[in-house]
Amino acid sequence: MFKHSELESVKAWLARPEHAALPLHARIQRAIRQLILDGALGPGKPLPASRALAKSIGVSRDTIEAAYGQLHAEGFIERRVGSGSFVAEVTEFAPGRRVHQRDALLRNQAPNLSQRGQAMFESGGVREMLAPRPFAHGVPETRSFPLPLWERLERQVLKEAGTAALLHGDPQGAEPLRRAIADYVNLERGARATADRVLVLTSSQQAMTLCANMLLDPGDRIFIEDPAYYGARKAFDAAGLECVPVPVDRQGIQVEGIVAEPRPVKAVFLTPSHQFPTGVTLTLDRRLALIDWAARHQAWIIEDDYDSEFRYAGKPTACVQGLDPHDRTIYIGTFTKSLFPGLRIGYVILPPHLVKPMTVARTLLDGHTASMAQLTLARFMEGGHFGAHVRTMRGIYADRLDVLVKLVGKHLHDFVEPRVPIGGLQMPCLLTGGLQERAAIDAARRVGIELLGLSGLHASGDGRAGFLMGFAAYTPTELEAAVLRLAQAFRTLKRS
């Protein structure tokens, strides 16, 4: 018979919620197997008779027999006619206490990663909140998305495409979607795109990783804005690149330092339409200067146009790619902000000679983007629904920004100085009330509010303390409640 501790261990294993989907005999078999692997049941130890164990656990004898039968088939136990069941004899290399102890030691050691793997791991990755809380940045409103329309278009696609939509897709992307994307960026962003220059991906993050690994070698230098989008910096760091920070002022990245740099630099990464996180727009003369620099040095311009659809003041400027006659610009776009994050569709507009290499490289990552989503999105765009949705959300977001600005001015004026953006989904705020950035962010998190600190986005380390306040995904009522909680948290922090 099992010892009391062994029997309780089996019962505890059976009670775990994560094992509930397994058949009862499989749960018992795995519980006993784990006792053997842990060395709790040593070689030659007799197991309880099936009838006795069934009574102790409260199951049928057939269930125990099925569990014992599987253990025997796997070599964990021996069954002797007339004598019963016993833990199989094992060598020092087989499951047992010695191996268990060795594995425990190995689990406590650092993983043996490559240099690139270690860099990726240490970066912490790019993690998004599954259920965003105010004021998580970069999150669009999804509750008002026209789901019935999307479902109807999806049914139309499935009816017309049939089982072909269930097969592997073109690694470059479905042709109808590539054509719709090219038409859109040409019309709305002043791009120079054709369907055969579009590569459909799962995200802008994937696009940046592809650029880092396909266009530059470890040790190569790349200019990045300072402050910069953290996902881009992590992608470039993980690829072994040397990021060269360039300050950003009210006219965007300062190109003088780029043009005057004496050492070779292979690329520059930009968010020119709506700089992350400052929100400024890169001026036309600086855009043209960068295009000229890239052409003279045969360098690349990686342009991330992540949320340019949402501009609330003035007319949008043409994207850098559309101004570049030399084909040195790679334009990155995404539907994560304009539609919904779960869609997982982004894209790049590539110079013609990069299309095949980038497409081949993409096949080594994930093969292709889901065909059903691509074809449904293509129909959504072709029918004019995408443009209509963006126009609707632009008005909603503009109203929510206005609400947030007034709420911050009323309730947080002792703590922050807002920098009202002309577009985007978040507003930068600089701390002015003597609060420390880390302490302010921690205090906000304790009351259910998420803020992204600004100082950590500066490579130089001398950026002003502050944070981003995302507003797009939250109603005016939700914004007011969150601002009031934040104000109370800051007052409490200041008194402590």
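The values are calculated or read from the model by the stated rules, or taken from the named source; none is laboratory data. Please read these numbers as outputs of a predicted model, since none were measured by experiment. Here the Cβ is made from the backbone with ideal geometry for all residues, glycine too, and neighbour counts use every protein chain on show.
The rows are residues; the columns are (1) under 29 Å from Cys429 (Cα atoms); (2) among the small types (Gly, Ala, Ser).
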| site | (1), (2) |
| --- | --- |
| Ala180 | no, yes |
| Leu187 | no, no |
| Arg197 | no, no |
| Ala238 | no, yes |
| Val268 | yes, no |
Among the residues that make up the stretch 301-310, is at least one of them surrounded by fewer than 21 Cβ atoms within 10 Å (Cβ to Cβ), touching a helix residue (DSSP H, G or I) at 6+ places or on another chain (Cβ under 7 Å) and not small (Gly, Ala, Ser)? no
Looking only at the stretch 231-256, how many residues end up being buried (at least 23 other Cβ atoms within 10 Å of the Cβ), β-branched (Val, Ile, Thr) and part of a helix (DSSP H, G or I)? 0
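Can you pull out the strands (runs of 3 or more DSSP E) entirely within the stretch 375-473 that have at least 1 residues that are in contact with a Pro (Cβ under 7 Å, 6 or more places away or on another chain), outside the structural domain of Pro277 (by TED's automatic domain parsing) and buried (at least 16 other Cβ atoms within 10 Å of the Cβ)?
It comes to 426-431, 466-470.
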The one condition in (1) farther than 30 Å from Gln118 by Cα; (2) surrounded by 15 or more Cβ atoms within 10 Å (Cβ to Cβ); (3) of a type outside the set (Lys, Arg) that Leu288 fails to fulfil: (2)
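Report whether or not Ala228 is closer than 26 Å to Ser114 by Cβ and part of a loop (DSSP other than H, G, I, E, B).
So Ala228 passes the test.
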Among the residues listed as Val280, Val259, the single one being among the β-branched types (Val, Ile, Thr), touching a Gly at 6+ places or on another chain (Cβ under 8 Å) and either under 23 Å from His326 (Cβ atoms) or not in a helix (DSSP H, G or I) (or both): Val280
So for the stretch 344-355 (the condition being in contact with a Ser or Thr (Cβ under 8 Å, 6 or more places away or on another chain), farther than 30 Å from Gln298 by Cβ and assigned to a helix (DSSP H, G or I)), does at least one residue qualify? no
Considering only the stretch 262-276, state which residues are part of a loop (DSSP other than H, G, I, E, B) and either over 28 Å from the mean Cα position of the chain (by Cα) or hydrophobic (A, V, I, L, M, F, W, C) (or both). Pro262, Arg263, Pro264, Val265, Phe276
Hits in the stretch 307-329 - residues which are closer than 14 Å to Val348 by Cα and outside any helix (DSSP H, G or I): Cys319, Asp327, Arg328, Thr329
